[in-house]
Structures are given as structure tokens and as C-alpha cells.
Amino acid sequence: MNGGNGIAIDVKGLTKSFGGREVVHDLSMQVKRGSIYGFLGPNGSGKTTTIRILCGLLTPDSGEGTCLGYDIRRDAEKIKRQVGYMTQRFSLYQDLSVRENLEFVARLYGLADARGAARDMIKRLGLSGREEQLAGELSGGWKQRLALGACTLPNPQLLLLDEPTAGVDPKARRDFWNEIHALAAEGLTVLVSTHYMDEAERCHEIAYIAYGHLLTHGTVEEVIAKSALTTYTVTGEDLNGLAAELTGKAGIDMVAPFGTSLHVSGRDVAALEASVAPWRERDGLHWHKSSPSLEDVFIELMGRSKDNFQ
Amino acid sequence: MSAVDRPAPGHETRERFGFLRRSYAMLIKEFIQLRRDRVSFAMIVMLPVMQLMLFGYAINTTPRHLPSAVLLQEDSDLARSILKALENTAYFRFLYEVHDVDDFDNLLKSGKVLFGVEIPRGFERAVRRGDRPALLVAADATDPVAASSAIGSLGMIVQTALKHDLYIGDPPEMPFEIRAHARYNPAAASSLNIVPGLVGTILTMTMLIFTALSVTREVERGTMESLLSMPIKPVEVMFGKIVPYVLVGFVQAFLIIGIGVGLFGVPVLGNLFLLALLSTLFITTNLSIGYTISTVVQNQLQAMQMSMMFFLPSILLSGFMFPFAGMPTWAQYLGECLPLTHYLRIVRAIMLKGATMQNLHFDALALAILMALAMTIAVTRFRRTLD
């Protein structure tokens, strides 16, 4: 893949420090136009900072690149016209009504018919009947829908969504993702950061970032394959005790409880097999070899990067 | 005990002195937060110390060296020695010597001088003849405090000072009469001075607060982040935030002047349109300064403190509370940097003296310069990124 019209975001070597602490380190990424790109990583890993650099809210210390073909350093103003940015914290005016907020955004972007655009968006969001309600009085799910509506109102080419579904109920999350897929189908590029694995699996491509380093990227299948992880799923009694016993054994890179089961993973299959062998025959435990879930991959990556970068 | 108050394992809770314990917890938290806010912490010390030093030295309720003008209609030795004597009293400082009545009136009207001494034609001859002619002293009584002490001591001081200069010997009484004329406010009604002054003071306070909080509020509520990600320029943000309050300020000014005229009988001798125009300029200047404050501070508490830092000198050094002419020179220079100083001259001059733009162009220009300066700082200070 190189340059051209097919790429919405193309950045290389982005680095950003705050008060001597490097938050983003030598980050490079490419996002194809019309795709949904998932941005994953633990809290404080540099996701928000990267997104802010992409939309011109922060200037990188070093690194370069383009966003929608515009230079991220020189053309921040042009990028702002084409990008919809949904902040992590609700950032519409709480003391303005739904309609007033949307009209404000429409006017700011210079839409010819601000009232009409706001009216259409209210209809599209299913907020009819609530247009005069103050934004601050909406429930979490509605606020998030409204925020998305405000971002998409000026017809951007790229959406940057920073943990848009944090603290939103499952039904609202599902509706939200349906909306995002509908937007992508219309040709919009979407970069979305999230903590939810089910959401990661709905992305065309994902990237995992921890401690400012982009650790892996690709489709979900590629990321899992690249991890070269083998996972055993264990069910049975006293899994807490088992977890304590297995942790730190040679070949066992990760032990993680998942509800009523325990996931035991390692990159070196032979060493893993050897280490778990003594427990394979224990009464009341059922061992089942499986391919790792995305969550296994990420937890293992996170554990590994912690050793490397901290 | 509900599940929520259950103590961490291994820690007992104590039931006694619950009130004190919880208050103490709150108190510790407040102290920590106060210490973290460096700017507020500095202001706690700076505000009283600076203000005290400033005002302690600057304010003088019995002003001396008041700017004065003389209308000289004859150039005689006697006239010269009277002027010298007046200047020796330390109450008057003659800045202008004019020979034309219109020039003389203009100086008083524009507020450039507070006193005018008129020595009429044929004055010396009349004194020698023993006619006891009148020496006219016109005082700008729009500020009764500044004028009264000088007028009060005029007669005696001049007599003492003239004793040796007059070669008539030791006269049993003054060889001429001093006729003091309190212009613009003959009854020395303080409301005539206070009401126009209040227009300026109230506007300063309200306008400053309106805009001082505007940017910090956006930052604190989190709306700034999305605002910055949208295609709007700092100048556009500024104008959008200032213009609505110009209207608010205008209504306020109208209200105060209306009450002043209706209830306190303060006249509006000058042109109402000019008053409205220059008031709008003053309102906009204050809004710009408030907006500048809001681009400099980090939170709303700091914005309030900074506004106070600006507001107190505005009251004390502008000539609203204490006579401007009575302050030491450095304090007067400081006062010239405050919009209220210029507006007080404007509003008093238009309402009480019927002044025109011709008398007021210096103060109007000063306001415009202060406004442009504040706006420039605000636009350059406004951060377009979150860096």
C-alpha cells in the first residue's frame, strides 16, 4: 500500500511527550479510506493523544504524515473541515438543547441551511420529540448518539471517535455500531478507540497500542495469527488455586480467568505442553485446547510490553 | 452499617467524634487542592500586599498640585505674583496660560484642569485704586472632594503669601476679593459626582466577570476540546463571545443613567448619542480585558481573582473614589492605563459639563488603544491546540 487516494490516514514516526514523559513513541499507521479502524490499548497508552495529533489538536514533537491528503503539521485548518472528532468526554453544550447544539455545529461549518441540516439529523438520530430537551439532561446513550450526530453533521470524510461507547448500555452500543457501519458503507473512514473486544471484532482492521508503542495491527485474524499463541481453556473446581500454581511456570506466558473458565496461553507450544502436563490429569479439571481469543492476545501483549517499556 | 461503609479489611472504624473526623477529612482535602493551585496560592499573598502598597501610597484625600489654568487678561507684576503665591500654596500647579475665554472653558470642560484662575483686565490698577476687584477662581466641582479643600483654604493662604509681595505695606484686609465659582455642580451635590462614576464602575465589574469566565468555562466543561477541533479561528471565538455582552452592557448603562436622571436628578447636558457611542467603546474595552484574563488563567477561581486584581485599582486609582489629581505621578500614570479613568472623565464631562467630542478625543483614543491592546493579547494568547 502506498499513498494515493485509497489512504485516509498515513503517518510515520509520530512522537509526543508531555513533561518529559513520552506518551506516543515512533508511531506509524495507515488507514484505508472507507474502512473502520479499531484502536485498542490499555488506559493511558496514547490512543487519545494519537487521535488528537491526527485532528490537529496536538502538534507532534517529531514525525510526519497526512490526513485525508493534508499535511498534519501545516494544514490543520483544512483537516478540521473534513474531520469529525468525537471526544471521550461529552463535549457538546449541556445547557443548549439538542436542536441548538446541532444548529451551532452546522453554522460553525458554514452549512447553507443550518436549521434544515439540524432537523434532518434529529430525524436520522431518532431524536424527534426530544429536540428541545437540554443536551445535559439526555441519558448516556442518547448523549453519545447526539455527539455522533454532531460529528457527522458537516459531512466529514473521516470520523475520529475516542472511546465513543464507554459507559453505554449493550443495546445502545449495538445501535451505535450499526450506525458506524452504515456510515462506513457510505464511504466514510472511521478511526475508533475502544476497550471492548466485541467492538474490536466489528472493525475491518485493528491496531493495538500500549505505552505509546504500536505493537500489532492488521485484521482480527491476522493479529491472532501473528501472536502465535496457543491457549488452553480450563474449566472445573478451584481455578483460583490453579491460576496461582501455573503463573510464572516456563512456557506459560499468560494465565487469565474468564468467568467460569481459565485461559492458559503460551507462545512456545512445546514448553507450554510440558508445563501444564502435571495438571492435565487432575480430577475435576477439564482442559480444552483452542485458538486464543483477541482478548488473550491483547492481555499477553500488554503483559509483554509492560516488561519491555516500563 | 451498610455494605458501602464497611471498612477495608484490617481497619476498624471509629464512631466517636464523627463530626470532627469528617470535617477534618474535608479540611485536609481542601488544603491539598489549594496548595496544588499555585496561581491562587500566589494570589492569596500577592493580592493584599500589592494592593496595600499600591493604595497606601497612592491615595491622598487632600490633594495638592491640582492641575490649573490661568486666564490672563492683563500681564502685570501683581498678576504674576498672585499666580506665584497660588502655586506656592502647593494646591495649584499651573499647566496652561491662556488669553482667550473659549480656550479657558475648554480646558475645564475636558477635565485637563480642575481650576482656572481668571485675572481680569485692569486688575492691578483697580487694586491700587483700592476698588477691591474680584479675582475669579473657577473650580471643576464635578469632583467636590478634590475641589473643596483647595477652595476652602484659598483666601487665607493667598493673603499670607501675598503679604510680602505687595508693596502696599501691611494691609488690614485683602486688597482684592477672591470669588470662587464651583462650576458644573454649584451645590456640591455628591450624587452628581457619584452617579456618573457608578455607571463606569458597575460596567467595569459586570463586563469583566462576564467574559473573564467565558473561556475557562469552556475548558472546565470540556467543550473547548470539540470547539478547537472545529474550523473556527481565535478572533471568531472572541467576537462571538464579546458582542452579546456589548448589548447587555448597553442595557445596563441605560438603566443606571435612567435611574440617575429620574431619581437623583443628575442632568445629561451633553449629547446622548455621543454618550452612548463612547459608553459602547468603554463596554467593549472592558469585555476585551475580561476575555484576555480568561485566556491567561487556568480555572474559574483564578479568573475571579484576576478580575478583582483589575477591579480594585480601577475603583481606587481612576478618580472614582479619590481625586485623580491628588495621586502621585506614578499612580496617575498607572491610572491612565485603566479604562475606567478615561470613561469617568468622559461620562462626567458629557453628563455634567455638556462636553463634546472635541473635548474628549484624548480619552476616547485612550479607550480605543486599550481595547485594541487587550484584543491583540487575547488573540495571541488563545491556544489553538491542547499542547
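Ranked highest first by the average count of other Cβ atoms within 10 Å around their residues, in what order do B:251-262, A:220-231, B:106-117 fall? Before the final figure, lay out the partial values.
Working: B:251-262: 15.0, A:220-231: 17.1, B:106-117: 23.1.
Highest mean packing first, the order is B:106-117, A:220-231, B:251-262.
Positive end of the dipole of the protein assembly as shown, charges at C-beta (+1 Lys, Arg; -1 Asp, Glu), about the Cα centre: which of B:GLY240, B:ILE202, A:ALA106 has its Cα farthest in that direction?
Selected residue: B:ILE202.
Need one number: the % of Cα-Cα pairs in segment A:3-127 sitting beyond the 21 Å mark.
Values: 3900 of 7750 pairs.
Roughly 50 percent, rounded to a whole number.
Under the Kirkwood approximation applied to all pairs of distinct alpha-carbon atoms, what is the hydrodynamic radius of chain A in Å?
Values: mean 1/r = 0.0469 Å⁻¹.
When all Cα pairs of chain A are included, the Kirkwood radius is 21.3 Å.
For segment A:132-265, what is the convex hull volume of the alpha-carbon atoms per residue, in Å³?
On the way: hull volume 22.5 nm³, N = 134.
Here the figure is 168 Å³ per residue.
Taking each pair of different alpha-carbon atoms in chain B once, compute 1/r for the pair, average those values, and report the inverse of that mean as the Kirkwood hydrodynamic radius in Å to one decimal. Write out the running numbers ahead of the final one.
Details: mean 1/r = 0.0409 Å⁻¹.
Evaluated on chain B, it is 24.4 Å.
Report, ordered by chain and residue number, the lysines lying within cross-link reach of A:LYS32, taken as a straight Cα distance under 28 Å and ignoring same-chain residues fewer than 8 apart.
A:LYS12, A:LYS16, A:LYS47, A:LYS78, A:LYS80, A:LYS226
Using a 10 Å cut-off around each Cβ of peptide A:87-100, what is the average number of partner chain Cβ atoms that fall inside?
Working: counts 6, 2, 5, 4, 10, 4, 5, 3, 1, 1, 0, 0, 0, 0.
Mean partner-chain Cβ count within 10 Å for A:87-100: 3.
Per residue of segment B:210-223, what does 6.51 cos²θ - 1.76 cosθ + 1.60 with θ = phi - 60° give for ³J(HN,Hα)? Whole Hz please, x for Gly and Pro, Karplus curve as stated.
Taking θ as phi minus 60°, the curve returns 3, 8, 4, 8, 5, 7, 4, 5, 5, 5, 5, 7, x, 7 Hz for segment B:210-223.
Calculate the dipole size of segment A:224-310 relative to its Cα centre from +1 charges on Lys and Arg beta carbons and -1 charges on Asp and Glu beta carbons; express the result in debye to the nearest 20.
Values: 8 positive and 12 negative charges, 56 e Å.
In debye, rounded to 20, segment A:224-310 gives about 260.
For segment B:204-243, state what percent of all Cα-Cα pairs lands in each successive 5 Å bin, counting from 0 Å until the bin that includes the largest distance.
Pairs per bin, as whole percents: 6, 21, 29, 26, 12, 5, 1.
Could you list which residues have their amide H under 5 Å from that of B:LEU135, counting only those 5 or more apart in sequence or on another chain, with H placed in the peptide plane?
Close amide H contacts, sequence-distant or interchain: B:GLU177, B:ILE178, B:ARG179.
Would you mind giving the average projected area, over all directions, of the Cα convex hull of segment A:196-310 in nm² with one decimal? Walk me through the intermediate numbers first.
Working: hull surface 29.3 nm².
Convex hull of Cα atoms, orientation-averaged projection: 7.3 nm².
Return the inverse of the average 1/r over all pairs of distinct C-alpha atoms in segment B:237-387, which is the Kirkwood hydrodynamic radius, in Å to one decimal. Write down the numbers at each step before the final one.
Numbers: mean 1/r = 0.0605 Å⁻¹.
Hydrodynamic radius (Kirkwood, Cα pairs) of segment B:237-387 is 16.5 Å.
Taking only DSSP H segments of four or more residues, each worth -39500 (n - 2.57), what value at 222 nm results for chain B once the sum is divided by all its residues, to the nearest 500 deg cm²/dmol? Could the numbers behind the result be given before it?
Details: 16 runs with 240 residues, N = 387.
Calculated at 222 nm, the ellipticity per residue is -20500 deg cm²/dmol.
Would you mind computing Rg(Cα) / (2.2 N^0.38 Å) for the protein assembly as shown, counting N as its residues?
Numbers: Rg = 38.1 Å, N = 697, 2.2 N^0.38 = 26.5 Å.
Against the compact-globule rule of thumb, the ratio is 1.44.
Roughly how big is chain B's charge dipole about its Cα centre, with Cβ charges of +1 (Lys, Arg) and -1 (Asp, Glu), in debye to the nearest 20? Don't skip to the answer; put the middle values down first.
Numbers: 33 positive and 30 negative charges, 287 e Å.
Rounded to the nearest 20 debye, it is 1380 debye.
With n ≥ 4 as the cut-off for DSSP H runs, can you work out [θ] at 222 nm for chain A, using -39500 (n - 2.57) per run divided by the number of residues, rounded to the nearest 500? Intermediate values should be presented prior to the final figure.
Working: 11 runs with 115 residues, N = 310.
When only DSSP H runs of four or more count, the value is -11000 deg cm²/dmol.
No value in this document is a laboratory result; all are computed from the given coordinates. Quick caveat, the model's predicted, so the values are computed rather than measured. All Cβ positions, even for glycine, are placed from backbone atoms using ideal geometry, and neighbour counts span all protein chains on display.
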